[in-house]
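Read the structure below first, then the notes.
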Amino acid sequence: MRVLHIIQRYPPAIGGSEKWCGDLCRYLAKKGIITEVATINLDNMEAFFKWLPDERYSLFGHHDYDQGVFIKRYKLWSFAYRTLGVKVACFLLYVIGLEHTQIGDVFQHSPHSFEMYFKLASEIKKADIVHLHTLPFFHNLVGFKLAKIFKKKVVITPHFHPGHEHYEKKLFYDMMKRCDAVIAVSAFEKSYLAAAGVPEGKILITANSIDREIHVTKEEFESYKNKLIKVYNISENAKKIIFLGRKQKSKGILQLIEAACELAKEVEEQVCLFLVGPSNQEFPGIDSFSDKPANLKLIDFGVVSENEKECLLQISDMLALPSKFEAFGIVFLEAWKFCKPVIGSDQGPIPDVIKGAGLQARYGDVGDLKEKLKQILFDSKLAKELGEAGREKLDREFSTESIGRKVLSTYHQVRKSKKRLLLVANQFPPHGGVSGSGIVAYQQGRILEKMGFDVKVFAGSRIQKKEHYRVTREKWPFDILRINLHDIDYDYNFVDYGKHRLKAEFKKFICECAPDIIHFHNAYAFGPGIFEVCRDMHIPSVVTLHDYNFICYKNILVTDQQVICEKKDLECRYCYERPFNRDDYVITLAERNRFYMQYLHLSQLLISPSRYLIERFIACGIPPEKCAVINNGIDLSRFNHAKKPISRKVRFTYIGQVIDHKGVDKLLHSVSLLEPEKRRKIFLLIIGFGDKLYDELCRRLTREKGISDIVKFAGEIANRHIPRILSRTDALIVPSLWPENSPVTIMEALASGTPVLASDIGGIPELIQDGVNGYLHTYNDTETLTANIRKVIEQPQTLKKMKQACLAKAQEYELSKQVREIARHYHRLIENA
């Protein structure tokens, strides 16, 4: 899922809505959501009114990256209302009659970036959801209009200030009514908006949150405290009040200073009022309060760092924010983090927020505010109770996790588009040849697309003459990005764990297609480091295990002595040590296996088509709860179950790679052991490609054994022709010398009603029952394979009986049935991401 957030400023710019947006965006990025922010390159809102550029704002980077969040900061259009550009715009508004309308008023009181307005269309077009923040600014109107044009879902967090002239506009209420969801940060805000006509069913309450971790060390705090006391001559028993926020009239700062003055006149103790936050033209400065009592210290710190703010909160006895307009009042949470009592006004959502953990003062009533200050500062028991209650409330009600879950749930509810799946495979049709894993990925992808998934593919091509890692795009049968691999990528004697260029292309493609989940099929040629990208982007991933690459450098669990490896750990005791180079280091086989398994553990689910294979991985340390046995499945509709054409000979077929561990030479030996009269009754078709030297060895062996008249090497044949081949096959032979998982060729044979003669190793016995739907022979034993071939020749009628058993077995693994089970896991992982 891709979400575009549009906000006037983004952290490190200071403000409640800015912090809420930043915390949410970082949470979403950690949940695998491609999270982007379009904002104005503006630090301090008050700086918007400055005349000179060097007074106006501090620049952040145009592009920024905040813990997984992609940020684009666009250039601010004007410096102040007095500039020529703004005057021209206001004149145009006047000419077209909009100057004194609501939209004209919003335009004149908003910071603008026409660069952002021009580029929003392309950004919104890519998004699944557009999330608007902070109502009274013009960018929300632009973003909303463009989102509706492109038929995108719109969520808004207005951070509404009830009664504020810039918020109370009909066009804003109309916009909220047309949004797909409205996120309120308090129950008061929800009830206020509902009373104004915003459909209550659209409004979600999330509250607010802060980082609970204390970043200042004890030593840093003590050093700061001692320095502060010394510089400002603060007495040991001074009563210290802190104000956090913009120093503007609506925040109640002037009433707070007046109340502090009145309090200082009544008490002997020193009273300190710390003012923390940006100033504007509404605040006259502390020097204007020259007639304040001698025992009152007004200290204006301006904008401070997070660490300095933590120190000041710890030093203070309480926080006061007697504000008229607040969407929530996040500074109350910051005070509660240090168990400090608070005072707020009786306006808006504040009474609900501080209920049970602070005192309320009537807004604008200096006398009432003074009494509340005195009550907390001179009643240590009450102050402690309120501070502890605030901390409990903070822990109980205000967490980023809670807010993020609610918002993410809202996204899923309003998003009606398809879930997006990214398939990853070394080879993928039409360039996958007869590679079983590529065929499985393709066939499952087709069914998943029919089930409503938007399927994208990251696949390899293998053209040695073309540039290494060259990228091409295809639009059929899916949206496919192919990256060209060379022979060295498949060479198990050389491993490049990083493959930084490949990983960069993979990450770029993920950012483009914003998948909800990623499914790997035999992606070993891409290198194990590719799994890091999913982890770093917090996107859930699934791996279908087609072989043993993660626990065996050969992939096949066959030792150098050409016997099946029965190991139950990651050590390699029966193979010669081989170096694995990345130019600068060499590792042992066991280190290689541990390294690969470290990456495999990053995936949330491992799917094995056979019980045998997954048990080998569990023995090597994979938690059973991360595993699922789901057969690859077979598309039964591709195969014709009609009676096979009559032939004078028994037609045997081998389909697969022509490489040594597939046992093609053993098959040829077995055929050569048949009596001459038996040989004349059969025909063997060998379909597939592979190692050139081994292929030539097999062809030479055919000539040497005198069986070239009954054996044909057909080479590579496109998978779409396999049903036709099997319709002219009486029995398929799978003479594997390695413990295969769940061979695609066996599944295809079963679906066509073709019995199978196969080795009794790996996951094969889970598919073939000896004497029922085929015959099993002892692997690497040519004589038992010869005996099974002889049975078929002597009793061809048994093949007809086996046909129904083959079809019945194939029904158990009908493709859509298996894929539905995979999709069920997808939805679970996406939900739990």
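No other residue among K202, K239, K249, K265 is of a type outside the set (A, V, I, L, M, F, W, C), crowded, with 18+ Cβ neighbours inside 10 Å and within 21 Å of K370 (Cβ to Cβ) apart from K239.
For segment 807-833, enumerate the residues that are polar (S, T, N, Q) and over 22 Å from the mean Cα position of the chain (by Cα). Result: Q811, S816, Q818. Residues in segment 115-140 that are at pLDDT 90 or above, surrounded by fewer than 18 Cβ atoms within 10 Å (Cβ to Cβ) and either in contact with a Pro (Cβ under 6 Å, 6 or more places away or on another chain) or not polar (S, T, N, Q) (or both): Y117, F118, K119, A121, K125, K126.
Taking segment 683-763 and the strands (runs of 3 or more DSSP E) fully enclosed by it, the elements with 3 or more residues that are outside the structural domain of E615 (by TED's automatic domain parsing), crowded, with 18+ Cβ neighbours inside 10 Å and not small (G, A, S) are at 731-734.
Residues being under 22 Å from L42 (Cβ atoms) and small (G, A, S): count how many of those fall in segment 123-164. Looking only at that region, the number is 1. Among the residues here, S345 qualifies as more than 40 Å from the chain's Cα centre (by Cα) and among the polar types (S, T, N, Q).
Name the residue that is modelled with the highest pLDDT, counting only residues in segment 655-677 that are of a type in the set (S, T, N, Q) and farther than 14 Å from L757 by Cβ. Lay out the reasoning, then the answer.
Taking segment 655-677 first, the residues of a type in the set (S, T, N, Q) are 657, 670, 672.
Applying the additional criterion that residues be farther than 14 Å from L757 by Cβ yields 657, 672.
On the way: Q657: 91, S672: 97.
Within segment 655-677, the match that is modelled with the highest pLDDT is S672.
Filtering segment 452-496 to residues that are exposed (fewer than 13 other Cβ atoms within 10 Å of the Cβ) and under 30 Å from K416 (Cβ atoms) leaves G452, R473, K475, W476.
Collect the residues in segment 683-712 that are of a type in the set (S, T, Y) and more than 16 Å from H661 (Cβ to Cβ), keeping them in residue-number order.
Step one: list which residues in segment 683-712 are of a type in the set (S, T, Y), which gives 694, 702, 708.
Once the filter is applied, which keeps residues that are of a type in the set (S, T, Y) and more than 16 Å from H661 (Cβ to Cβ), segment 683-712 yields T702, S708.
Annotation for segment 783-806: no member residue is crowded, with 16+ Cβ neighbours inside 10 Å, over 17 Å from K643 (Cα atoms) and within 43 Å of the chain's Cα centre (by Cα).
Say whether the condition of being farther than 24 Å from E812 by Cα and touching a residue at least 12 places away in the same chain (Cβ under 8 Å) is met by at least one residue in segment 737-750.
Yes, some residue in segment 737-750 is farther than 24 Å from E812 by Cα and touching a residue at least 12 places away in the same chain (Cβ under 8 Å).
Considering only segment 114-138, how many residues are over 20 Å from V154 (Cβ atoms) and in a loop (DSSP other than H, G, I, E, B)? Count: 0. Test H641 against the stated conditions and say whether it is touching a residue at least 60 places away in the same chain (Cβ under 8 Å), within 22 Å of Q818 (Cα to Cα) and in the same structural domain as I710 (by TED's automatic domain parsing). Yes, satisfied. Tell me, yes or no, whether segment 55-68 has at least one residue that is buried (at least 21 other Cβ atoms within 10 Å of the Cβ), touching a strand residue (DSSP E or B) at 6+ places or on another chain (Cβ under 8 Å) and at pLDDT 90 or above. Checked segment 55-68: no residue is buried (at least 21 other Cβ atoms within 10 Å of the Cβ), touching a strand residue (DSSP E or B) at 6+ places or on another chain (Cβ under 8 Å) and at pLDDT 90 or above. Filtering A731, A749 for residues that are in contact with a Phe, Trp or Tyr (Cβ under 6 Å, 6 or more places away or on another chain) and among the hydrophobic types (A, V, I, L, M, F, W, C) leaves a single hit, A731.
The values are calculated or read from the model by the stated rules, or taken from the named source; none is laboratory data. Everything numeric here is computed off the predicted structure, so don't read it as measured data. A quick note on method: Cβ atoms are made from the backbone with ideal geometry, for glycine too, and the neighbour counts reach across all protein chains shown.
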